[in-house]
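The structure under discussion appears below in the form of structure tokens.
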Amino acid sequence: MSVVSKDLPCRFRDKHNTEIVIDLCCDSDCEQIGEMYWHFEPKESYQGIPPRTREKTMDWVRGILRDNMNLKARCGSQVIGHASLLKIRENDLCEYLIFVHQDFQNRGIGTKLTEIAKRCAAVQGYHHIWLSVDLYNSRAIHVYTKTGFRFITPVEAEREMVLDLDKS
């Protein structure tokens, strides 16, 4: 995607005072992002992602990277987080996907990735970001509500949330 946020690359210190760099993904990042997902636990934790096999994981990563706006979070040379905005309706609605490796969760990285993804979505002309989240994924729900998402479905095993970019 050619239209991006002026915030990139973004360098910051996480809650453990470790330098993290967030930047756009490129084709050459596929292997490292695939490795992050391959080591992510639990496998198939929500909606079957990340996939259980290395081959399916790499196919899935290639598909996500192909036509979507993607961000990576790095600690040194290691990719430790990935976020993607998946187009649903041109210039209106995209789906948000984010994973932070379990060894780096609860350090502010997911929040920073989400804040930057919001700005990137606005720059690209989107008005709404949609996501679904498991009812019991309290860490993710905390990040989403903290960054402006609101629930749009009743309490069930899977909850849908939306962020209205025009209002945030």
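We did not get these values from a lab; they are worked out from the coordinates using the rules stated. The model shown is predicted, which means the values in this text are computed figures rather than measured ones. Please note: Cβ atoms are built from the backbone with ideal geometry, for glycine as well, and neighbour counts cover all protein chains shown.
Shown for Thr114, Thr18, Thr153: other C-beta atoms within 10 Å of each C-beta, ranked fewest to most, produce the order Thr153, Thr18, Thr114.
Our summary gives the chain a relative contact order of 19 percent, counting only alpha carbon pairs under 8 angstrom and 6 or more residues apart.
Where does the charge balance sit around Cys94 when Lys and Arg score +1, Asp and Glu -1, over other residues with C-beta under 11 Å from its C-beta?
So the environment of Cys94 carries a net charge of 0.
Using 0.36 nm per residue, how much length does the chain from Cys30 to Val123 gain when fully extended, once their Cα-Cα distance is taken away?
Values: separation 93, 0.36 × 93 = 33.48 nm, distance 2.43 nm.
The Cys30-Val123 span can extend by a further 31.1 nm.
For segment 83-106, list residues with backbone N below 20 Å from a point placed 7 Å from the Cα of Arg150 toward its Cβ? So the set is 92-96.
For Lys87, the aspartates and glutamates whose Cα comes closer than 14 Å to its Cα, not counting residues fewer than 8 places off in the same chain, are Asp67, Glu95. Leu135 sits among other residues whose Cβ lies under 12 Å from its own Cβ, and their net charge, with Lys and Arg +1 and Asp and Glu -1, is -3.
For Arg150, the shell of other residues with beta-carbons less than 14 Å away shows a net charge of +1, using +1 for Lys and Arg and -1 for Asp and Glu. Ellipticity at 222 nm from helices only: DSSP H runs of n ≥ 4 in the chain, each -39500 (n - 2.57), divided by the residue count, give -8500 deg cm²/dmol. Taking 0.36 nm per residue of sequence separation and removing the Cα-Cα distance, the Lys56/Glu158 pair yields an extension gain of 34.3 nm. Positive end of the dipole of the chain (Cβ unit charges, origin at the Cα centre): among Val155, Leu85, Val143, the Cα lying farthest that way belongs to Val143. Cβ crowding within 10 Å ranks Val21, Val155, Val61, Val79 as Val155, Val21, Val79, Val61, fewest other Cβ atoms first. Treating each Cα of segment 1-142 as an identical point scatterer and summing with the Debye formula, the log10 of I(q)/I(0) at q = 0.09, 0.11, 0.15, 0.21 Å⁻¹ comes to -0.24, -0.37, -0.72, -1.49.
Hydrophobic long helices, here whole DSSP H runs in the chain with Kyte-Doolittle means of at least -0.5 and Cα atoms spread over 24 Å or more along the helix axis, are not found. A simple charge model with +1 on the Cβ of Lys and Arg, -1 on the Cβ of Asp and Glu and nothing else charged puts the dipole of the chain at about 440 debye relative to its Cα centre. Among Ile109, Ile49, Ile80, the largest mean-square fluctuation in a Gaussian network model of the chain (Cα springs under 10 Å) belongs to Ile49.
Summarising the label geometry, the points placed 7 Å from Cα in the beta-carbon direction at Leu8 and Glu41 lie 3.1 nm from one another.
Here Lys112 is the anchor, and the aspartates and glutamates within straight C-alpha reach of less than 13 Å, apart from those fewer than 8 places off in the same chain, are Asp7, Asp14, Glu19, Asp23.
Going by C-beta contacts inside 10 Å, put Cys120, Cys30 in order with the fewest on the left. Intermediate results must be reported in sequence, preceding the final value.
On the way: Cys120 24, Cys30 16.
Ascending Cβ contact count within 10 Å gives the list Cys30, Cys120.
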